[in-house]
1. Condition first: farther than 30 Å from VAL369 by Cα and open to solvent by 100 Å² or more (accessible area, probe 1.4 Å). Can you find one or more residues in the stretch 171-181 that meet it?
2. Kindly list the number of the only condition in (1) over 27 Å from THR84 (Cβ atoms); (2) without any contact (Cβ under 8 Å) to a residue 12 or more places away in the chain; (3) hydroxyl-bearing (Ser, Thr, Tyr) that fails for SER58.
3. If only one of ARG341, ARG323 is surrounded by 15 or more Cβ atoms within 10 Å (Cβ to Cβ), basic (Lys, Arg) and farther than 30 Å from GLY295 by Cα, which one is it?
4. What number of residues within the stretch 169-197 are touching a Pro at 6+ places or on another chain (Cβ under 9 Å), modelled with pLDDT of 85 or more and of a type outside the set (A, V, I, L, M, F, W, C)?
5. Given the residues LYS76, LYS141, which is the only one that is under 30 Å from LEU60 (Cα atoms) and touching a residue at least 40 places away in the same chain (Cβ under 8 Å)?
6. Scan ILE354, ILE408, ILE331, ILE402 and give me the residue that is within 30 Å of THR143 (Cβ to Cβ), out of contact with any helix residue (DSSP H, G or I) (no Cβ under 8 Å at 6 or more places or on another chain), open to solvent by less than 80 Å² (accessible area, probe 1.4 Å) and among the hydrophobic types (A, V, I, L, M, F, W, C).
7. Write out, first by first residue and then by second, each pair whose Cβ atoms fall under 8 Å of each other, whose residues are 6+ apart or on separate chains, and whose first residue, in the stretch 281-302, is in contact (Cβ under 8 Å) with a residue 40 or more places away in the chain and open to solvent by 80 Å² or more (accessible area, probe 1.4 Å) while the second is assigned to a strand (DSSP E or B) and charged (D, E, K, R).
8. Of all residues being within 13 Å of ILE18 (Cβ to Cβ) and either modelled with pLDDT of 85 or more or not assigned by the TED database to the domain that holds ASP21 (or both) in the stretch 45-56, which is farthest from the chain's Cα centre (by Cα)? Just the residue, please.
Amino acid sequence: MKKHTQDIYFTGYVTVLIKGDRPELFFNQLVQEKVLVWDIIKKDSQTCEAKIRKQDISKLRMQRRGTGYKIQFRSKHGFPFLFTALLHKKPLLLGIAISILSIFFLSNTVWKIEVRGVSPELEHQIETKLDDYGVRLGAFKLTLGAPVDIQQRLLQDIPDLLWIGVQEKGTTYALEGVPKTIVKEEEQPGPRHLVAKKKGVIVDMFVSEGVAQVGVHDYVEPGDVLVSGLIGNEPPPVNKDQKDKTEQKDTRKHVAATGNVIARTWYNVSAAVPLEETYTVLSGKQDNKYAIQFGDSFQLPVWGFGETEFKDSQEQTSVRHLRFLRWELPIGMGKTTEYERVTKQVKRTKEEAIAQAEKLAKQDLQLQVGADADIISQKILHETVENGKVKLILYFQVNEDIATSQPISQGD
């Protein structure tokens, strides 16, 4: 019976006292009318006590009519009676409501900001930027951006940051950064030659360590030694007649050859540009909508009603969930940003397509040879128009450093 009363606690039940001649017969009549009765206690020959459900009180009263029995309600139990009693205690309800709202507000307020992994100077920069973003002590978290948005803004606004992680831990924002400036110990190179990594004609060279093996205007192939890391005279070869004599030792000094060898190199690069092109870009216009989200799918719009005026757009949605103490509630504020997309069509003349292809080919080559290389001339070797595209094969001359290191082996 205890389990049964626990089940009906939320529907409510009452303790009643029945007075009259043989009151137990009255309870038997109630049972026959399918009224649930339990914990029947006979106080004396004229009085019985029992418990019935709140929903059966009307049946109890109807069954008593014309019987001469008297009903007395002794006590009320369960959530409905407790709730009714609370409704009559307005100061208590007001206090409970204020307490819940206070806990809710405090649970969604920033009370601590931790920054780790960076120097004090960089930490000060991060804290200053966070203050500009509104991320400060006492700020309401629903008014702030998502942690990933804060992370991206910090990386954009602070060049000295290589990476930073932003975590929201309850009422604390924990940030851990990695600075860009990383001091590496310079490795001392061992004995080495400088050799050519590609073919070319030497146009300039500067040797700070080692012995130059080539000169300006010399043509070199990949693997040719440009600067030797052996300083000194090479011992003369041993004749067959001097086979039994002691060989002369190699007294040359081994150094790490260092320098720059600039050579004229050549490249053939292909490029193709369409005469007509269609592409989509963001115009920069955006429209924000806000909604209260319940669970994973249901949303109640609160700002930004109606359809957007953009003909084409892309959406980005983020949800900030409310917290109560350390629990995340299934209620949050959702933000949907629509970015306008516009379609652009470009029609080029043949001359414009050729100029664009030359520009793209030069950019691609510059990425290939490096920013230090100098593209000195270009020439179109072949030009065709096929399938609405202008296709070019271009010939480039480049001045670049072709020297690369080669360790000196024991046999050298």
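1. no
2. For SER58, the failing item is (1).
3. ARG341
4. Residues that pass the stated criteria total 5.
5. LYS76
6. Of ILE354, ILE408, ILE331, ILE402, the one residue that is within 30 Å of THR143 (Cβ to Cβ), out of contact with any helix residue (DSSP H, G or I) (no Cβ under 8 Å at 6 or more places or on another chain), open to solvent by less than 80 Å² (accessible area, probe 1.4 Å) and among the hydrophobic types (A, V, I, L, M, F, W, C) is ILE331.
7. Hits for this filter: LEU282/GLU340; LEU282/ARG341; LYS285/GLU340; GLN286/GLU338; GLN286/GLU340.
8. GLN46
The values are calculated or read from the model by the stated rules, or taken from the named source; none is laboratory data. Everything numeric in this text was worked out from a predicted model, so none of it was measured. Note that we place each Cβ from the backbone using ideal geometry, even for glycine, and neighbour counts take in every protein chain shown. Protein only, heavy atoms only, side chains kept; ligands, DNA and RNA dropped before computing areas. Shrake-Rupley method; radii C 1.70, N 1.55, O 1.52, S 1.80 Å.
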